[in-house]
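Notes to accompany the following structure.
The values are calculated or read from the model by the stated rules, or taken from the named source; none is laboratory data. Please read all numbers here as calculations on a predicted model, not as lab measurements. As a convention, Cβ positions derive from the backbone with ideal geometry for all residues, glycine included, and neighbour counts pool all protein chains shown. When the accessible area is computed, the model is the full protein with side chains, heavy atoms only, and any ligands, DNA or RNA have been set aside. Shrake-Rupley method; radii C 1.70, N 1.55, O 1.52, S 1.80 Å.
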Amino acid sequence: MANIPPNALFSALSFIGFVLTALPICWHFHTSNSGICLFLAWTSLGCLILFINSIIWNDNVINWAPVWCDITARYLVGSSVGLPASGLCIIRKLFRISRLSSLRPDKHDKRRELWIDLAIGLGFPCLIMALQYVVQGHRFNIIEQIGCYPATYDTAPALIVVNMWPVAIGLISAVLAVFTFRAAYYQKALLDEYLRTSCDISANCYWRLMALCATEICCTVPCGVAAIVLSTMHGQVQPYISWSNVHADFSRVWQYPTVVWQSSPTMAAGVELTRWLYILCALVSFGFFGLGEEARESYWYALRVTAHAGRFLFGWVTRNGVNPMGPRSPSRQGVAALRMKSPSNPLPTIAFARQSTRSFNSVHSETIAPDDSRGILQPSSRNGVELV
């Protein structure tokens, strides 16, 4: 049996990875860094899904949530392409900055670049998610401790439709990264001046993005090649006979207990490699962007906003819990006491309260405002104000 890390360790780290990657999204969204926002979104949502699956299917392979598995298994297919595609969006922006080809871009250029990034980092992965149905042998798999897992029928078309794209996108990003590093090296002074005066990202953020892209490329290409090798080992690639043959008995769900999938080194390596990569991406991205000066400022701002909101909520609850009617005048206290004494006969109580209020005002006219009795004579309007 393969030496597999404890599932409880993965559950804890995946939840931590979700939190760490979800925090910097707001700051990067504010600075219009669409590529890094897509990268963090794919990573954080993947960590959250895998965390939930590791809890639900910790010691069982029961099909608890078929619809959830349909969605999450398809998401895992898309995120395997979405992560390298988001990295391509980042390195593409860095390449344009290094060539100084985006000097003072107008709103039209920024909008066009945003749509291009969304097409690469979101539209293309969604297209692969839809095309995966062509080579989907059955509905999905349920693996103990792992949860829902996509069911791709290992054929030659599956290598083209699903498996090859992380490697292909990683190689494109690597070529673009070489040109970016070269341009940044030869015109470093001009680039630093441009980043300081005309660009929407700082020089520190630019070089951290470069480091993130280099790390992502170094992980994407080897892991993509390893996934292809694992899927083709031991003659596992089957011939694609026909559409009906691939989708025969499509509604079935295959269930793999721990003793089954951990007894196969190939399957255990492929499954564990897939889910631990999300934690690695989360830790790397947080290391580059979650500890920077801009991120720390956004954390302090969020903390101050949360503290002000909590103080306001606590004050509101305290005021309404201790004295929900507000400060009471003596006439109000008399009316409340009269209502408590005779709750079964409200009309005489109101008439007597009005009379007692007039007599009270005649004696203490110098201390009670003249419109206080009018407030008591018009309870409907005062209640309307309190309801609003």
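Give me the percent of the accessible area of the stretch 7-306 that comes from carbon and sulfur atoms, probe 1.4 Å, all protein chains in place.
Working: 10170 of 14310 Å².
Result for the stretch 7-306: 71 percent of the exposed heavy-atom area is carbon or sulfur.
Note the direction-averaged projected area, equal to a quarter of the hull surface, for the Cα convex hull of the stretch 144-287, in nm².
Spelled out: convex hull of the Cα atoms, projected over all directions, averaged, 11.8 nm².
How do K188, K107, K93 stack up against each other in accessible area, from largest to smallest, with a 1.4 angstrom probe?
K107, K188, K93
Solvent-accessible area per residue for the stretch 8-128 at a 1.4 Å probe radius, Å²?
The answer is 45 Å² per residue.
Multiplying the sequence separation of W254 and L100 by 0.36 nm and subtracting their Cα-Cα distance, what value in nm do you get?
The span from W254 to L100 would gain 50.1 nm if fully extended.
Please find the FRET efficiency linking M164 to Q187, where r is the Cβ-Cβ separation and R0 is fixed at 35 Å, and quote it to the nearest 0.05.
0.50
In whole Hz and in residue order, list the ³J(HN,Hα) couplings for the stretch 207-222 that follow from phi through the Karplus curve 6.51 cos²θ - 1.76 cosθ + 1.60, θ = phi - 60°; x for Gly and Pro.
Taking θ as phi minus 60°, the curve returns 6, 5, 5, 4, 5, 4, 5, 4, 5, 5, 5, 5, 8, 5, 5, x Hz for the stretch 207-222.
Counting every Cα pair in the stretch 7-306, what percent are over 33 Å apart?
Percent of Cα pairs beyond 33 Å in the stretch 7-306: 28.
How many nm is it between the label spots at R196 and S242, if each spot is 7 Å from the Cα in line with the beta carbon?
With each label placed 7 Å out from Cα toward Cβ, I get 7.1 nm.
Between S263 and H138, how high is the FRET efficiency from 1/(1 + (r/R0)^6) when r is the Cβ-Cβ distance and R₀ = 35 Å? Nearest 0.05. Write down the numbers at each step before the final one.
On the way: r = 21 Å, r/R0 = 0.61.
In this case the efficiency is close to 0.95.
Between F179 and R319, what is the FRET efficiency for a Förster distance of 51 Å, r being their Cβ-Cβ separation, to the nearest 0.05?
Efficiency for this residue pair is about 0.20.
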